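Please read the structure below before turning to the comments.
The values are calculated or read from the model by the stated rules, or taken from the named source; none is laboratory data. Only a predicted model underlies this, so the values are computations on that prediction, with no experimental measurement involved. Don't worry about glycine lacking a Cβ; one is built from the backbone with ideal geometry, like all the others, and counts go over all protein chains shown.
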Amino acid sequence: MAKFNSKTVMAPMAAFTMACVLFVYTRSSIQTAKVNAKINREAQLREQKLRDREMEK
């Protein structure tokens with residue numbers, strides 16, 4: 001049976017921690033990108049509506 005000491009435990013623990021950090025970072029980045037895209041779409045629609053109203057005059 002393998003001996004458990006700081007050398008055998010630290011590398012897997014660090015790898016797991018890095019994987020968790022990467023997962024959280026990826027999820028939050030995707031969520032932020034979705035929110036920003038929605039805000040930009042809404043702003044573009046508002047600008048288009050203003051242009052359409054100006055063209056009607």
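Matching residues to (1) part of a helix (DSSP H, G or I); (2) more than 24 Å from the chain's Cα centre (by Cα); (3) without any contact (Cβ under 8 Å) to a residue 12 or more places away in the chain; (4) surrounded by 10 or more Cβ atoms within 10 Å (Cβ to Cβ):
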{"residue": "P12", "(1), (2), (3), (4)": "yes, yes, yes, no"}
{"residue": "M18", "(1), (2), (3), (4)": "yes, no, yes, yes"}
{"residue": "F23", "(1), (2), (3), (4)": "yes, no, yes, yes"}
{"residue": "R27", "(1), (2), (3), (4)": "yes, no, yes, yes"}
{"residue": "Q31", "(1), (2), (3), (4)": "yes, no, yes, yes"}
{"residue": "K34", "(1), (2), (3), (4)": "yes, no, yes, yes"}
{"residue": "Q44", "(1), (2), (3), (4)": "yes, no, yes, yes"}
{"residue": "K49", "(1), (2), (3), (4)": "yes, yes, yes, yes"}
{"residue": "M55", "(1), (2), (3), (4)": "yes, yes, yes, no"}
Residue in segment 8-23 that is polar (S, T, N, Q) and at pLDDT below 95 present | yes
